[in-house]
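Here, each number is a calculation from the coordinates, and none is a lab measurement. Everything numeric here is computed off the predicted structure, so don't read it as measured data. Cβ atoms come from the backbone with ideal geometry, glycine included; neighbour counts cover every protein chain shown.
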Amino acid sequence: MYFLALAADFDGTIAQNGVVDDATFEALRNLKESGRRLILVTGRQLGELADTFPKYEVFDRVVAENGAVVYDPATKQKTLVCQAPSPAFVAALKARQIEPLSVGDCIVATWEPNEKAVLEIIREQGLGLQISFNKGAVMVLPSGVNKATGLKSALDDLELSPHNVMAVGDAENDFPFLRMCGCAVAVVNALPSVKKAADVVLDKPRGEGVRDLVDRICREDSAIAPRTKRAIRMGQDRDGRAITIDPEEGCALIAGSSGIGKSTLATALTERMHEAEFQFCVFDPEGDYDDLDHAVSVGGVKEPPNRAQLLKLLHKVDANVVVNTQAIPVEDRPPFFAKLFPHFSSLRAETGRPHWLLIDEAHHLLPQRREGLERVLPNDLRAAILITVHPEAVAVEILNSVRTVFALGEGAADVISGFSRAIGAIPPASFPAFDPEEEVLAYTVRDGRVTPVIPDRPKRMQKRHSRKYAEGQLGEDRSFFFRGPDNALNLRAQNLMIFLQMADGVDDRTWEFHRQGAHYSEWFRTAIKDKGLADEAASIEQDASLDHRESRRRIREAVLARYTGPAKSDEH
């Protein structure tokens, strides 16, 4: 299920003249029995609601007083989202003989045309209060408090994201909570402005419309809402049309040779997810995502991720998590992921979160040869982005969940063809020409279409790799080796600082051999994944006017400028 809760207004939506008919109540109860939550969002006070609608306890939470009060019918616990109105303010209203006048735990309510007198008193007393309207009703609350703030408090308590909530209403004061949810629905009797802003307008009024909505939720679920409400932008095609990925459409695969921007592309996607308030979890085997501004990192180079800490974080609606598995041996990563995945599945079933999984080096976590782990590793995935150099090494059951492949680099066509063969499909007969420096090829599995796409770049690309590449321990396959023209040496530099030390110590002939072979820029580009440093090194390598002493100095300065001191903004 994608929509795990229904948030419904009371008057004019589920109720007519304060009455919820039996058919509507039964529909709501049936929706709850489907495993979904019910949240009532009303401007009424709790006591008034109980007198009018004694069966309100069918709801998992009641957001009352236009968002100022959250009530749990099961525990009878009442939470105030803001302060109570000041006695001086209430006294002034009574002194002006404003009637009718209702004072709740937080709200002060009257009717039009009393709003002018109310506003005068607010100004006279210098109060930070706001007035909202609901078809003639005038409601006064502290600034910033509305149905959306109350609903957000209730959803946090239920560990639900607004994205997984269907909201239905009819009036002005419903705008805030309708806008925040994954699908905004208006009953046909709603105000024209509400219907205009809604994602879906029902054909029937009040309870009749809500009954139809409940039926559609059970039958259609996410298909009710426009795709744009949940899709994440990845880039655009050459005509400027947005290219997006949808969590309800299976997995996406980002694949290509090392050093050409897979993690950069994935980082841009995490930015879009964060902006849209979709929760994500990244499995990071190389520390590439450690310094994301909008995520908490668990684990590191020396410490494996703590499973309990990770799961505790993911239970928080607004927490994005990076799982750094550098300290876990490669052969132990599939079992680690396998033990976690049942927890992910359970959390997703209960809360719909995390909305996205990003699995870097997916061939490590979800390998083709799983050696007895078949029963615990998933046979399919949804709402996941797989990132790998070797798609053919990923378990075919997982590859069968992929709906779109984003292939990078000059070998993009080979990546798509290899993926197709891995899932038993016929590769595309031809591929469009594209610029591998600026575009990727998007392959849609369903129709076999291949489209050049200009991917979005991260808005703020930190030097995420600084500590790792400067002082960490790169594997042998990614280290630099000073070998010299005759392979007489075998000096391994596991990081940039060791590289600089060795560069100062090797003989001039060895230094020049690697410089003239463009080995330094190649290492910076493919292993260090720093295009800016690689380009600068390439210009030094190509400058024939530089001797060994000056070229060493310039390479050293280029490295130190990027990899000493705090992380800073960069464009690579």
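Could you pull out the trypsin sites (Lys or Arg not before Pro) across the stretch 168-221 that fall in loop regions by DSSP (anything but H, G, I, E, B) with no more than 15 other Cβ atoms inside 10 Å?
Of the trypsin sites (Lys or Arg not before Pro), not one in the loops of the stretch 168-221 has a Cβ with at most 15 other Cβ atoms within 10 Å.
For the pairs 78/339; 94/147; 152/339; 152/262; 55/316, flag any whose C-alpha to C-alpha distance is greater than 28 Å.
78/339; 152/339; 152/262; 55/316, as the Cα separations exceed 28 Å there.
Compute, for the chain, the length of the dipole vector about the Cα centre, with Cβ point charges of +1 (Lys, Arg) and -1 (Asp, Glu) only. Units Debye, rounded to 20.
Here the size comes out at about 580 debye.
Could you work out the Kirkwood radius for the stretch 466-570, taking every pair of different alpha carbons, averaging 1/r and inverting it, reported in Å?
Averaging 1/r across every pair of different Cα atoms and inverting gives 13.8 Å.
What residues have an amide H closer than 5 Å to that of residue 284, excluding those fewer than 5 places away on the same chain, when H is modeled at 1.01 Å from N in the peptide plane?
323, 324, 325
Quick one: Karplus J couplings for the stretch 60-76, per residue in order, coefficients 6.51, -1.76, 1.60, θ = phi - 60°, nearest Hz, x for Gly and Pro?
6, 9, 10, 9, 10, 6, 6, x, 7, 10, 10, 10, 9, x, 5, 9, 6
May I ask you to evaluate 6.51 cos²θ - 1.76 cosθ + 1.60, the Karplus curve with θ = phi - 60°, for each residue of the stretch 137-148 and list the ³J(HN,Hα) values in order in whole Hz, giving x for glycine and proline?
6, 10, 10, 10, 9, x, 4, x, 9, 7, 4, 5
List every residue whose amide H lies under 5 Å from the amide H of residue 37, counting only residues 5 or more places away in sequence or on a different chain, with H placed 1.01 Å from N in the peptide plane.
Hits under the 5 Å cutoff: 5, 6.
Which cross-chain or sequence-distant (5 or more) residues have an amide H under 5 Å from the amide H of residue 250, H modelled 1.01 Å from N in plane?
383
So what is the calculated 222 nm ellipticity per residue for the chain, using -39500 (n - 2.57) for each DSSP H run with n of 4 or more, over all residues, to the nearest 500 deg cm²/dmol?
-10000 deg cm²/dmol
In whole Å, what are the extents of the stretch 82-144 along the principal axes defined by its C-alpha atoms, from largest to smallest?
25, 25, 20
Based on the alpha-carbon gyration tensor of the stretch 232-462, what equivalent-ellipsoid semi-axes (square roots of 5 times the eigenvalues) come out, in whole Å, largest first?
After diagonalising the Cα gyration tensor, the semi-axes are 27, 20, 16 Å.
Quick one: if you take sqrt(5λ) for each eigenvalue of the C-alpha gyration tensor of the stretch 259-379, what semi-axes come out, biggest first, whole angstrom?
Taking √(5λ) for each eigenvalue gives 21, 18, 14 Å, largest first.
On average over all directions, what projected area in square nanometres does the stretch 377-433 have, based on the convex hull of its Cα atoms?
Approximately 4.1 nm², given one-decimal rounding.
Report ³J(HN,Hα) in whole Hz for each residue of the stretch 485-495, in order, from the Karplus equation J = 6.51 cos²θ - 1.76 cosθ + 1.60 where θ = phi - 60°; Gly and Pro get x.
In residue order, the calculated couplings are x, 10, 6, 7, 10, 8, 9, 9, 9, 7, 7 Hz.
What's the exposure ranking of 218, 183, going from fewest to most Cβ atoms within 10 Å?
Listed from fewest to most nearby Cβ atoms, that is 218, 183.
Which whole number of Å³ per residue matches the convex hull of the alpha-carbon atoms in the chain?
196 Å³
Equivalent ellipsoid semi-axes for the stretch 104-216, as square roots of 5 times the alpha carbon gyration tensor eigenvalues: give them largest first, rounded to whole Å.
One finds semi-axes of 29, 18, 10 Å for the stretch 104-216.
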